[in-house]
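K.L.:
Can you read through this structure? Questions will come right after.
The values are calculated or read from the model by the stated rules, or taken from the named source; none is laboratory data. Quick caveat, the model's predicted, so the values are computed rather than measured. In this analysis, Cβ positions are derived from the backbone assuming ideal geometry, glycine residues included, and neighbour counts consider all displayed protein chains. For accessibility, only protein heavy atoms count, side chains too; no ligands or nucleic acids. Shrake-Rupley method; radii C 1.70, N 1.55, O 1.52, S 1.80 Å.
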Amino acid sequence: MEQAKDENRSNGKTAKGERRFVLFLYAAIVPIGLVVVYFMFVKPPSAGVFCSTSSGCYEADFGSGFGDGSIAFFLPGGARSKRLPLVRESRGVYGASFLGDARVRLVVEDDDHFVRDGETTYGRSAPDDVQRHLDAALRDARREREREDAVRGAEEAEQTAKVRAKERQTKIDSLVSMLAGAKDETERTALEKRLAEERAKQAAEGGSAPASTTGKPCKCEPGDPLCSCL
């Protein structure tokens, strides 16, 4: 009887020891598992400076991965703006509203890169490289403005040339009509001279060659007052 009691007590101690070991193991594994999950699936990029050669630089702090962070942008001279809220929308996705600008969306690609508005990629950079990126962004922006100004200038020049050519042709058509109805030789000679001058100007401006009102090829040389395509 005493032997059975001793065995029961021994078994009880063993069971309690096993339970304590399981609880201890569980208490150790759960925190380790949470840490692993955090670093693998939750932890955002560490704070730092992120730059794009074409668009400048940001100083971003993505927070803990559960809440919001903050962000600032660098001005052309290298000064940093005040820090603004960087709102966490979902895992790896943040939104920010800058001074007077539309809201931007940042999508984290990895610890060293994020993409702004699905277009521009910013990479982690050393603070000493900020001015170099800002200078490059200003240079590219200036080149783009110059290109746009050149295109706009060419379009305006083309439109002006078309208007001038139309006005010139209207004037020529009017002179041709007046010449056709001229009553005397003096009036006719004056009109032919004016017509020749206008056609010479038209040719100098790159306009079309004088057209014949009779349906036959016009053989008049520009500036010849004695020739008519009537």
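K.L.:
At a 1.4 Å probe, what is the % contribution of carbon and sulfur to the accessible area of the stretch 147-199?
P.N.:
Here carbon and sulfur together make up 51 percent of the probe-accessible area.
K.L.:
Across the Cα atoms of the stretch 158-204, what radius of gyration and what greatest pairwise Cα-Cα distance (Dmax) are found, in Å?
P.N.:
Rg then Dmax for the stretch 158-204, in Å: 12.0, 40.
K.L.:
On to the next question. For the stretch 154-203, with every protein chain kept in place, what is the accessible area per residue (1.4 Å probe, Å²)?
P.N.:
Accessible area per residue, the stretch 154-203: 69 Å².
K.L.:
Give me the distance in nm between label points sitting 7 Å out from Cα along the Cα-to-Cβ direction at A161 and V107, one decimal.
P.N.:
Placing both labels 7 Å beyond Cα along the Cβ direction yields 4.4 nm.
K.L.:
Still on this structure, I have one more. What's the ranking of 137-146, 117-126 by average number of surrounding C-beta atoms within 10 Å, highest first?
P.N.:
Top of the packing list down: 117-126, 137-146.
K.L.:
About the Cα centre, and with charges only on the beta carbon of Lys, Arg (+1) and Asp, Glu (-1), how big is the dipole of the stretch 101-216? Nearest 20 debye, please.
P.N.:
About 980 debye.
K.L.:
Excluding G206 itself, what net charge comes from residues whose Cβ is under 12 Å from its Cβ, given Lys and Arg +1 and Asp and Glu -1?
P.N.:
So the surrounding residues net to +2.
K.L.:
Still on this model: How do 150-156, 89-95 rank on mean C-beta neighbours within 10 Å, highest first?
P.N.:
So the peptides 150-156, 89-95, ranked by packing, come out 89-95, 150-156.
K.L.:
I've got another one for you. Hey, if you put +1 on the Cβ of every Lys and Arg and -1 on every Asp and Glu Cβ in the stretch 158-204, which of I172, A203, T160 ends up farthest toward the positive end of that dipole?
P.N.:
Result: T160, furthest along the dipole toward the positive end.
K.L.:
Let me ask something additional. Roughly speaking, what is the stretch gain from M178 to L84, that is 0.36 nm per residue apart minus the C-alpha to C-alpha distance, in nm to one decimal?
P.N.:
Here the answer is 26.5 nm.
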